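Undergrad: Below are the structure tokens for one structure; questions will follow.
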Amino acid sequence: MKTIDAINRKIAEGNAIVCTAAELKQRIAEDETITAADVDVVTTGTFGVMSGTLAVLHLPVTTPGTFRHAEKVWLNGVPTVPGPCPNEGLGSVDLVVYGTARASSAYGGGHLFRDIVAGKEITIEVESSQKRFSRTVTLADMGHARLITTRSAFKNYLAVINTRPDPVQTIFSVKELTGPFREASVSGCGDINPLQNDPGLNVIGVGTRILLNGGTGYIMGAGTRSSREKPNIAAYGDMHAMQPEMMGGFVTSVGPECNTSVAIPIPVLDDTVLAGLRITNDRIPLPVADVRDRIPFATASYADVWDGTDPVISFSPGACVRCDSCPAAQSCPTGAITLQAGIDPLLCVNCGTCVRECCGGAFSGNLGVLPVGTMKVPITLRQSDRARALRLCVHLKDLILDRKFSLTGKMEDLL
Ligand code: SF4
Ligand code: SF4
């Protein structure tokens, strides 16, 4: 059996064998005889809508003594929760912002977090004793800017379908989710998801160093609604180190949600750990639930979502018929479409909405179908971006190979 210390020494010496989860599965498909001696670290990742995300910030507002207590605070119009420290008379504020807080139907906490990390100017407005104070700040002005997840990187998730005729507005759809059984909305990155690759929670636990939105973070413990069968993590990370491309806002039919990403290195200590890493999409059940109660009534698999489908959506400008107002651009949940430039790859999360909305067929991508009983239900929305998660796995692998990221052993079991 290898140890974390021994693997870290190999990383420091530049001798560690590191591969992504996708690369490992490809190697295993070609050579079943691989053992734990053949690989030291496997990088896993996931990216998608994760509502349980918040930020804890400390921001300067004005000179000390100008106001006593910040009673209400907005950042770019997004309402925040001032405190818990009262910061009496300091002219600065501690506050908490929910990733699901909303300034409008198109801008929320997830958009704000990305703008902060991108270094954009953020307008802070403070209400105190019926007076208003405002200024602009950037991340450089924030001594403390920490992102926290209360529930993230679920060991895969579920597919949602409307089983009745009346359409439903939901966090699982960009437009109304139509029925009965007309379309499916799916979440989860399948066999590259971190917790899916450590089913026994042998190496992932409290204290594990990870990438949260592309920057170094740590697992604090199990997230809310975790169970042994379907765990998720609570984590934190410094926003100063994060990458805007690995986070952001996502506008659903009931308002803005928050995109978050997690990458976790799996140290291949022995063949038991390697056995967990052998999981493939076809062996991962995908529960299918009705949108109203979210109680699963059928099971598909992640092979239906990610095997033989197109992880990346493409755009063919020549097919555009120049509609009066571009329904694809208007529906894009991340604002990634302009007719001049097509798809902005830094904003696009490959959700597939434009494929359905485009009048001219200029957007293309096979999103797959879910077998539900005797029916085949087309997938029309992906709320997880496997292409981006794959890039995250590569990024973490490169950090380890460049000796910029070492592994930590877990201090306690997750559950
Ligand atoms: S796939 Fe289309 S609709 Fe979805 S984010 Fe990308 S450009 Fe926007
Ligand atoms: S919906 Fe499609 S065809 Fe119509 S303007 Fe937009 S890209 Fe062009």
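Undergrad: Please give the calculated 222 nm ellipticity per residue for the chain, where each DSSP H segment of at least 4 residues contributes -39500 (n - 2.57) and the sum is spread over every residue; nearest 500 deg cm²/dmol?
TA: -4500 deg cm²/dmol
Undergrad: Using alpha-carbon positions, what is the distance between the centroids of region 394-415 and region 70-96, in Å?
TA: 34
Undergrad: For a quick check: with amide H placed at 1.01 Å from N, whose amide H comes under 5 Å from residue 370's, ignoring anything fewer than 5 positions away on the same chain?
TA: 377, 379
Undergrad: Just to confirm a number: summing +1 for Lys and Arg and -1 for Asp and Glu over residues other than residue 195 whose beta-carbon lies under 14 angstrom from that of residue 195, what do you get?
TA: +2
Undergrad: Kirkwood hydrodynamic radius, region 31-98, all distinct C-alpha pairs: what's the number in Å?
TA: It is 15.6 Å.
Undergrad: Additional query: What is the dipole size for the chain, taken about its Cα centre, with +1 at each Lys and Arg Cβ and -1 at each Asp and Glu Cβ, in debye to the nearest 20?
TA: 620
Undergrad: Here is a further query. For the chain, set up a GNM with springs between Cα atoms under 10 Å and report which of 160, 254, 394 has the largest fluctuation.
TA: 254
Undergrad: Once amide H atoms are placed 1.01 Å from N in the peptide plane, what residues at a sequence separation of 5 or more from residue 61, or on another chain, have their amide H within under 5 Å of its amide H?
TA: The answer is 92, 93.
Undergrad: Over the Cα atoms, compute the radius of gyration (one decimal) and Dmax (the largest Cα-Cα distance, rounded to a whole number) for region 52-147, in Å.
TA: Gyration radius and largest Cα-Cα distance of region 52-147: 12.3, 36 Å.
Undergrad: Quick one: dipole size for region 78-135, taken about the Cα centre, charges +1 on Lys/Arg Cβ and -1 on Asp/Glu Cβ, in debye to the nearest 20.
TA: Numbers: 6 positive and 6 negative charges, 35 e Å.
The calculation lands at about 160 debye.
Undergrad: Using the Kirkwood radius over Cα pairs, work out the Stokes-Einstein diffusion coefficient for region 281-415 at 25 °C and 0.890 mPa s, in µm²/s as a whole number.
TA: 140
Undergrad: Now a separate question. Just tell me which aspartates and glutamates come within less than 13 Å, Cα to Cα, of residue 404; anything on the same chain fewer than 8 places away is out.
TA: In chain and number order, the partners are 13.
Undergrad: Same structure again: Summing Lys, Arg as +1 and Asp, Glu as -1, what charge do residues with Cβ under 13 Å from the Cβ of residue 220 carry, residue 220 excluded?
TA: Around residue 220, the surrounding residues sum to +3.
Undergrad: Excluding same-chain residues fewer than 8 positions from residue 376, which lysines have a Cα within less than 24 Å of its Cα?
TA: 175
Undergrad: Here's a follow-up. Using amide H atoms built 1.01 Å from N in the peptide plane, name the residues 5+ places from residue 286, or on other chains, whose amide H lies under 5 Å from its own.
TA: Those qualifying (amide H under 5 Å, at least 5 residues apart or on another chain) are 300, 301, 302.
Undergrad: Per residue of region 26-36, in order, report the coupling 6.51 cos²θ - 1.76 cosθ + 1.60 (Karplus, θ = phi - 60°) as ³J(HN,Hα) in whole Hz, putting x for Gly and Pro.
TA: Using θ = phi - 60°, the values come out as 5, 5, 5, 5, 8, 8, 5, 8, 4, 10, 5 Hz.
Undergrad: Ordered by residue, what ³J(HN,Hα) values in Hz, to whole numbers, does region 51-65 give under the Karplus form 6.51 cos²θ - 1.76 cosθ + 1.60, where θ = phi - 60° and Gly and Pro are x?
TA: For region 51-65, the Karplus-derived couplings read 5, x, 10, 9, 10, 10, 10, 10, 10, x, 10, 7, 6, x, x Hz, x marking Gly and Pro.
Undergrad: So which residue, out of 332, 359, 189, gets the largest mean-square fluctuation from a GNM of the chain using Cα contacts under 10 Å as springs?
TA: 359
Undergrad: Next up: Of 155/410; 120/155; 2/155; 25/397; 10/410; 10/230, which ones are farther than 22 Å apart at the Cα?
TA: Violating the 22 Å Cα-Cα cut-off are 120/155; 2/155; 10/230.
Undergrad: Given contacts defined as C-alpha pairs under 8 Å and at least six residues apart, what's the relative contact order of region 52-147, whole-number percent? Mind dumping the intermediate values first?
TA: Values: 220 pairs, mean separation 34.7, N = 96.
Relative contact order of region 52-147: 36 percent.
Undergrad: Please compute one quarter of the surface area of the Cα convex hull for the chain and express it in square nanometres.
TA: For the chain, averaging the hull's shadow over all directions gives 22.5 nm².
Undergrad: Right, something else. If you take every residue apart from residue 312 with its C-beta less than 13 Å away from the C-beta of residue 312, what net charge results, scoring Lys and Arg +1 and Asp and Glu -1? If you can, show how the numbers build up before the last one.
TA: Numbers: positive: 382, 386, 388, 391; negative: 310, 385.
Net local charge, residue 312 excluded: +2.
Undergrad: Further question: Positive end of the charge dipole of the chain (Lys, Arg +1 and Asp, Glu -1 on Cβ, about the Cα centre): tell me which of 24, 318, 184 has its Cα farthest that way.
TA: 184
Undergrad: Here's another thing I want to ask about it. Sorting check: for 106-113, 203-210, which peptide has the highest mean count of neighbouring beta carbons within 10 Å, and how do the rest follow? Present the calculation step by step, with values, prior to reporting the outcome.
TA: Details: 106-113: 24.5, 203-210: 20.1.
Averaged packing, sorted descending, gives the order 106-113, 203-210.
Undergrad: Which whole-Hz couplings ³J(HN,Hα) result when phi for each residue of region 357-365 is put into the Karplus expression 6.51 cos²θ - 1.76 cosθ + 1.60, θ = phi - 60°, listed in order with x for Gly and Pro?
TA: 8, 5, 6, x, x, 6, 9, 9, x
Undergrad: Given an 8 Å cut-off on Cα distances and at least 6 residues of separation, report the relative contact order of the chain as a percent.
TA: Values: 1076 pairs, mean separation 88.4, N = 415.
Once divided by the residue count of the chain, the mean separation gives 21 percent.
Undergrad: Here's something else I'd like to know. Normalised by the number of residues in region 324-415, what is the relative contact order in percent for Cα pairs under 8 Å and 6+ residues apart?
TA: 19
Undergrad: How are the alpha carbon pair distances in region 240-357 distributed across 10 Å bins from zero to the largest one, expressed in percent?
TA: For region 240-357, the binned pair fractions read 10, 27, 34, 22, 6, 1 percent.
Undergrad: Which residue, 328, 145, 298, has the most motion in a Gaussian network model of the chain that connects Cα atoms within less than 10 Å?
TA: Looking only at 328, 145, 298, the largest GNM fluctuation is found for 298.
Computed from the coordinates by the stated procedures, all read-outs in this text should not be read as laboratory data. These figures come from a predicted structure and were not determined experimentally. As a convention, Cβ positions derive from the backbone with ideal geometry for all residues, glycine included, and neighbour counts pool all protein chains shown.
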